[in-house]
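Chemist: Okay, here's the structure, questions in a sec.
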Amino acid sequence: MDKERMKAFSQRVFGDMAATMNTGLAYVGYKSGLFKAMDGKGPMTTEQVVQAAGLHPRYVEEWLKGMAAGGMLDYDPAAQTFTLPPEHAYFLNSEGTDHFMAGVYLRAVSLLHVAPQVADAFKSGGGVLFKDYPDDFHEISDMMNRGAYENRFVSYWMEQMPETKARLEAGGARALDFGCGAGRVPITLGKAYPRSTFIGVDSHALSIKMANELKQKEGAGDNVRFVNQRIDDFDADEPFDFISACDCIHDLEDPLGTLKKIRRLLKPEGVFFVIEPRVADDLEQNLNPIANMFYGISVFYCMTQSLAKGGPGLGTCYGQRNMQQLMADAGFTRFEVLNIKSPVNIFYGVRP
């Protein structure tokens, strides 16, 4: 065996464990308000951080040291002070913006919560059902997506579908958000296009409850409503001009059947807007950190919750080639990759 490669791999293991602990410490930093307490304050002593955050001194001391060791905080040994760099705070303390990234740490902790159950599924089959994830999993999903939906959907993404945008602006158009979750998409679009109708449908009761609460909080109008139903059971009085499915097609238990139903719900001139993870079709092109993250998310969420319901478990890294074929199998005739830039998502405009 190659001793140098053995040594390098042992260091990799320590690095992986360090990154995992860094994730846990970052989770605590966000949930406890430590990142916010340090934001814009410059160098701070341990005592100053304790006072600003109002937390237990010994925990804060150890957290600061761990975050400095992990490179999340800058440390000045002469002054014994810790600094949250503004370049880091930009991503950690920016909830509601399109560059908020602290949710990644929260998502990782919630995913690993089901790791023992997923490990059992490797032996016995099945998987972890969507309803078995912690309740805050759904809140975290909304937190992570909120900034992009509120800041990009109308001003950037819809610009790539000018005919659809014009219909929604003119009024009288109908739109459906499949797998609406906490309802951020229908609410955002409903407020931007008040003369058109927006319906969010989701089979998860808690998500619909969150969506209705968010609707009230955001002051959305009567042109927005939510339905707690499986898409198989969902019937509409008339077809839709626009249907969206944001980061959920690869999760489905019956993707082909679902897409056939969506096609039937769409007007002949309508657009099916699909957001999926941005990955390559071939593994050799996915040997990078973002794809590595997506494969992990697939095992601990996307794939397992599909397999748990007897689905095919398409997985997070389904790829453009597979998605295009799936859409063709469902009867869609036009498949377009929209010109929308994102390091983690790819956007499709699909037509009957």
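Chemist: Return yes or no: is residue 307 closer than 22 Å to residue 350 by Cβ, aliphatic (A, V, I, L, M) and assigned by TED's automatic domain parsing to the domain that holds residue 257?
Modeler: Criteria not met by residue 307.
Per-residue answers, yes or no, for (1) assigned to a helix (DSSP H, G or I); (2) exposed (fewer than 15 other Cβ atoms within 10 Å of the Cβ); (3) in contact with a helix residue (DSSP H, G or I) (Cβ under 7 Å, 6 or more places away or on another chain):
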site: 37; (1), (2), (3): yes, no, yes
site: 47; (1), (2), (3): yes, yes, no
site: 51; (1), (2), (3): yes, yes, no
site: 59; (1), (2), (3): yes, yes, no
site: 62; (1), (2), (3): yes, yes, no
site: 68; (1), (2), (3): yes, no, no
site: 75; (1), (2), (3): no, no, yes
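Chemist: With respect to residue 18, is the statement that it is more than 23 Å from the chain's Cα centre (by Cα), among the hydrophobic types (A, V, I, L, M, F, W, C) and within 29 Å of residue 139 (Cα to Cα) true?
Modeler: So residue 18 passes the test.
Chemist: Which strands (runs of 3 or more DSSP E) sit wholly inside segment 259-352 and have at least 2 residues that are at pLDDT 95 or above and within 21 Å of residue 145 (Cβ to Cβ)?
Modeler: Working: elements: 266-277, 334-337, 345-351.
By residue number, 266-277, 345-351.
Chemist: Further question on the same structure: Pull out all pairs, ordered by first then second residue, where Cβ-Cβ is under 9 Å, the residues are six or more apart or on different chains, the first lies in segment 23-35 and is of a type in the set (Val, Ile, Thr), and the second is part of a helix (DSSP H, G or I).
Modeler: Listed pairs, sorted by first residue: 23/104; 23/105; 23/108; 23/109; 23/112; 28/34; 28/59; 28/63.
Chemist: Of the residues in segment 1-53, how many are among the charged types (D, E, K, R) and over 22 Å from residue 87 (Cα atoms)?
Modeler: Residues flagged as among the charged types (D, E, K, R) and over 22 Å from residue 87 (Cα atoms) within segment 1-53 amount to 8.
Chemist: Kindly indicate whether residue 8 is in a helix (DSSP H, G or I) and in contact with a Gly (Cβ under 9 Å, 6 or more places away or on another chain).
Modeler: For residue 8, the condition - in a helix (DSSP H, G or I) and in contact with a Gly (Cβ under 9 Å, 6 or more places away or on another chain) - is not met.
Chemist: So if I check each of 148, 119, which one is loosely packed, with under 13 Cβ neighbours inside 10 Å, out of contact with any Phe, Trp or Tyr (no Cβ under 8 Å at 6 or more places or on another chain) and assigned by TED's automatic domain parsing to the domain that holds residue 198?
Modeler: 119
Chemist: Select from segment 88-110 the residues that are at positive phi and over 16 Å from the mean Cα position of the chain (by Cα) and list them in ascending order.
Modeler: Hits for segment 88-110: nothing passes.
Chemist: What residue, of 136, 98, is surrounded by 14 or more Cβ atoms within 10 Å (Cβ to Cβ), outside the structural domain of residue 46 (by TED's automatic domain parsing), in a loop (DSSP other than H, G, I, E, B) and of a type outside the set (Ser, Thr, Tyr)? Please lay out each step first, then the result.
Modeler: Numbers: 136 fails: in a loop (DSSP other than H, G, I, E, B).
That would be 98, the only listed residue that is surrounded by 14 or more Cβ atoms within 10 Å (Cβ to Cβ), outside the structural domain of residue 46 (by TED's automatic domain parsing), in a loop (DSSP other than H, G, I, E, B) and of a type outside the set (Ser, Thr, Tyr).
Chemist: Separate question: I'm told residue 121 meets every condition in (1) modelled with pLDDT of 95 or more; (2) of a type in the set (Gly, Ala, Ser); (3) not in a helix (DSSP H, G or I) except one. Can you identify the failing condition by its number?
Modeler: Residue 121 satisfies all of (1) modelled with pLDDT of 95 or more; (2) of a type in the set (Gly, Ala, Ser); (3) not in a helix (DSSP H, G or I) except (3).
Chemist: Is one or more of the residues making up segment 227-239 among the aromatic types (Phe, Trp, Tyr) and either in a helix (DSSP H, G or I) or within 26 Å of residue 147 (Cβ to Cβ) (or both)?
Modeler: Let us first name the residues in segment 227-239 that are among the aromatic types (Phe, Trp, Tyr), namely 234.
Those still in the list that are either in a helix (DSSP H, G or I) or within 26 Å of residue 147 (Cβ to Cβ) (or both) too: none.
Scanning segment 227-239 turns up no residue that is among the aromatic types (Phe, Trp, Tyr) and either in a helix (DSSP H, G or I) or within 26 Å of residue 147 (Cβ to Cβ) (or both).
Chemist: Tell me the residue from 297, 262, 249, 275 that is touching a Cys at 6+ places or on another chain (Cβ under 6 Å) and surrounded by 16 or more Cβ atoms within 10 Å (Cβ to Cβ), please. Break it down stepwise before answering.
Modeler: Working: 297 fails: touching a Cys at 6+ places or on another chain (Cβ under 6 Å); 262 fails: touching a Cys at 6+ places or on another chain (Cβ under 6 Å); 249 fails: touching a Cys at 6+ places or on another chain (Cβ under 6 Å).
Only one candidate passes the filter, namely 275.
The values are calculated or read from the model by the stated rules, or taken from the named source; none is laboratory data. For clarity, every value in this text was computed on a predicted model and none was experimentally measured. Note: ideal-geometry Cβ built from the backbone for every residue, glycine included; neighbour counts use all protein chains shown.
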